[in-house]
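One structure is given here, and the rest of the page talks about it.
The values are calculated or read from the model by the stated rules, or taken from the named source; none is laboratory data. Note that this is a predicted model, so its numbers are computed, not measured. Neighbour counts are summed over all protein chains in view; Cβ atoms, including those assigned to glycine, are modelled from backbone coordinates with ideal geometry.
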Amino acid sequence: MNKLFFVDFENLQNLSYEEIDPNNDMVVIFVGHSQSKINLEIVKKTQKLGKAVEWIQMGGNGRNALDFHIAYYLGYFIATKENTSVQCKIYIASGDNDYDVLIKHIISQGHHCERVQNIPPVFSPSDNTTGVQAQITEHNAPAILNTRNELAPAPAPAPAPAPAPAPKKLSNTEILEHLISNLGKVEKLKRPRTETTLVNHINAQYLKKKSDLNPTAIFNLLKQNKKISVNQKRISYLF
């Protein structure tokens, strides 16, 4: 599974379900207890996806009941993901920014999690907006009419900016020191708890700072320097 979407159907309903790849993605749609009617067009869109879509309706009413259900299933999936080393991007489709604090914590544990307001296109990275804006390039920019209604050529593209200086490559030792310093500021119970999530955390934090990063090597340095101990892939921090 490449992508998993948790949809807050009380908040967002008419999403771009056609962007879902039924062979590689999964959508779980959470419906409020009182939402007894669903638009026929939405039913048609989701029906085409077959087993890639699952509907879950709340068993009762209550303040933030649906939000808590999503948080429960999100945590359950991540715990399963940690034990099976599954690589999957997680998305919460909702306009409710109350999820953002939880998402920030999930990211700090080395997982990919985003809140989106629509299903992102399969060919493009997602963002937190309701769509992806098309960009005009040199190849598809239209010609411009001049004041005499004659066809004038499109303006020449602006010169490319000078390349930024290459960032300094950090050594494994420097990354290790930086990692220990940063994790030392986080409560132990909130740090990555397993070998998989810690390796993912290292990769997410330092890949841009070291193109040839080997997160497993950094993890092994933590053990060699007796900064962590590992028991059945569960981590105990010694700092």
Go through (1) of a type outside the set (S, T, Y); (2) at pLDDT 90 or above; (3) touching a His at 6+ places or on another chain (Cβ under 8 Å) one by one and return the number of the condition Q57 breaks. (2)
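One line per residue, one yes/no per condition, for (1) part of a helix (DSSP H, G or I); (2) in contact with a helix residue (DSSP H, G or I) (Cβ under 8 Å, 6 or more places away or on another chain):
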residue	(1), (2)
S181	yes, no
T197	yes, yes
N200	yes, yes
A204	yes, yes
T216	yes, yes
L221	yes, yes
S229	no, yes
S236	no, no
F239	no, yes
Scanning region 1-16 residue by residue, those more than 18 Å from Y73 (Cβ to Cβ) and either at pLDDT 90 or above or among the hydroxyl-bearing types (S, T, Y) (or both) turn out to be S16
Could you identify the single residue in I144, I202, I218, I228 that is out of contact with any Lys or Arg (no Cβ under 6 Å at 6 or more places or on another chain), at negative phi, of a type in the set (A, V, I, L, M, F, W, C) and at pLDDT below 80? I144
Identify, from the list G110, G32, G50, G62, the residue that is at positive phi, surrounded by 13 or more Cβ atoms within 10 Å (Cβ to Cβ) and not assigned by TED's automatic domain parsing to the domain that holds K233. G110
Those residues of region 17-38 which are modelled with pLDDT of 85 or more and part of a loop (DSSP other than H, G, I, E, B), in sequence order: I20, D21, P22, N23, N24, G32
Restricting attention to region 71-89, does a residue exist that is modelled with pLDDT of 90 or more and buried (at least 18 other Cβ atoms within 10 Å of the Cβ)? no
